[in-house]
Structures are given as structure tokens and as C-alpha cells.
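The values are calculated or read from the model by the stated rules, or taken from the named source; none is laboratory data. Worth saying up front: this structure is predicted, and the values here are computed from it rather than measured. FYI the Cβ positions are ideal-geometry reconstructions off the backbone, even for glycines, and counts take in every protein chain you see.
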Amino acid sequence: MPIPDREQQILQSHAAFICEAVACLQNADGRARLDELLRAARDNGWAALAGALLKIAGGERDIHRLSALDDEDRVIAEAVLRGLRDPSSLPDPTRRADPTLAAPGLAHMIHAAGRGDAQALTLVAQMADQMSRVGGDMSRVAAVIRPLINGERNADRLCARMDTRGQQLVLQILDELGRLDLH
């Protein structure tokens with residue numbers, strides 16, 4: 001079954017974390033490193049994911065019996081479980097995430113959030129927070145998410161002070177929003 005674009009983007013963005021978690025879980029001597037990895041995850045706001053991975057370390061393999069996970073955490077936990085069963089399913093940690101995959105996913109979340117979907121608003125806010133931490137143009141793209149949710153569609157205003165990559169991402173989001181707004 002092919003992985004949807006948004007999930008693929010999550011997997012690629014967190015490939016190194018997923019691969020390291022699987023390596024720690026497969027290695028009996030990896031428990032100290034796993035504890036360190038989970039502590040860092042908790043410190044970065046991933047308490048639910050860290051709890052789920054701790055349960056996986058304890059032998060739990062049913063995703064539905066893990067802690068309540070948001071969509072991003074669920075995708076990561078499922079990837080870890082798949083990686084434990086089949087290491088060839090692990091994402092390549094050396095491959096950079098494709099930013100063109102982000103535009104449709106962001107546009108769909110922005111569209112839903114603009115229509116009052118509370119879950120979409122929460123998810124897009126989390127993504128914007130992560131983007132702003134990256135800094136540079138990603139931070140500037142994160143800053144235009146709220147105006148996009150509120151209906152701003154003027155590309156010149158939205159793309160002010162962005163380099164070419166940031167502008168391309170915003171224009172792709174606007175293009176997808178244009179399609180969604182027609183429906």
C-alpha cells in the first residue's frame with residue numbers, strides 16, 4: 001500500500017530519528033542510547049511519542065494499544081514498528097525531504113483550518129512551530145500560515161522577504177488552495 005504524501009513527508013523529515021529508534025530497539029545494548037533518545041524526544045515536546053516508544057521497547061506491537069498519538073507521532077510510531085518487522089521499510093536518513101510534498105499537505109490543512117476544523121488547526125500550528133524553529137525561509141513561510149488560514153491569497157504580500165525556495169513553496173500552497181477553494 002503506497003504511503004500518502006503527507007505521511008511520506010513526515011517519514012522523510014524524521015528518518016534519522018526513526019532509524020535510530022529501531023537500531024536501539026533491535027540492539028540489547030542500545031537501551032542506554034534509547035533512554036537518551038526518548039529523553040530528548042520528551043524535551044522537544046514529544047512526550048506521547050516517547051511513551052509509545054517506551055511501550056514498544058517493552059514488547060507492545062499493537063499501535064492501538066499505545067498512548068494517544070497525534071497524526072505525526074502515529075506515523076513515526078508505525079514506521080518504527082514496520083522497521084522492527086522489516087528493516088528494508090525504513091526511510092533513508094540521508095535523503096532530504098522533498099519540499100514539494102509539503103505544499104499539498106499544508107494546503108489541505110490550511111484549507112480545513114480556515115473552515116473551522118480544530119484538528120487541522122492544531123496540526124498546522126504544530127507544523128508552523130517546527131518550521132519556525134528551522135529558521136531562515138522556513139520561519140518566514142511559517143509566519144504566513146496564519147494569514148493563509150484567514151484567507152489571504154495575495155502572493156506578493158505573502159512572499160515578501162522570502163528567497164526563491166520559500167516563494168516556490170508559498171506559490172505551490174496557493175495553487176493547491178486555489179483548487180481546493182473551487183470545490
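Computed values, structure above
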| item | result |
| --- | --- |
| Qualifying positions in segment 133-156 - more than 18 Å from ASP175 (Cα to Cα), of a type outside the set (D, E, K, R) and within 18 Å of the chain's Cα centre (by Cα) | VAL134, GLY135, MET138, SER139, ALA143 |
| Residue check for LEU169: crowded, with 18+ Cβ neighbours inside 10 Å, under 26 Å from LEU11 (Cβ atoms), in contact with a helix residue (DSSP H, G or I) (Cβ under 8 Å, 6 or more places away or on another chain) and outside the structural domain of GLU72 (by TED's automatic domain parsing) | yes |
| Residue in segment 45-58 that is more than 20 Å from the chain's Cα centre (by Cα) and β-branched (Val, Ile, Thr) present | yes |
| 1 or more residues farther than 26 Å from ASN44 by Cβ: qualifying helices (runs of 4 or more DSSP H) within segment 91-178 | 99-114, 145-149, 155-158 |
| Filter result (closer than 21 Å to VAL124 by Cα and either among the β-branched types (Val, Ile, Thr) or not assigned by TED's automatic domain parsing to the domain that holds ARG85 (or both)) within segment 41-75 | VAL75 |
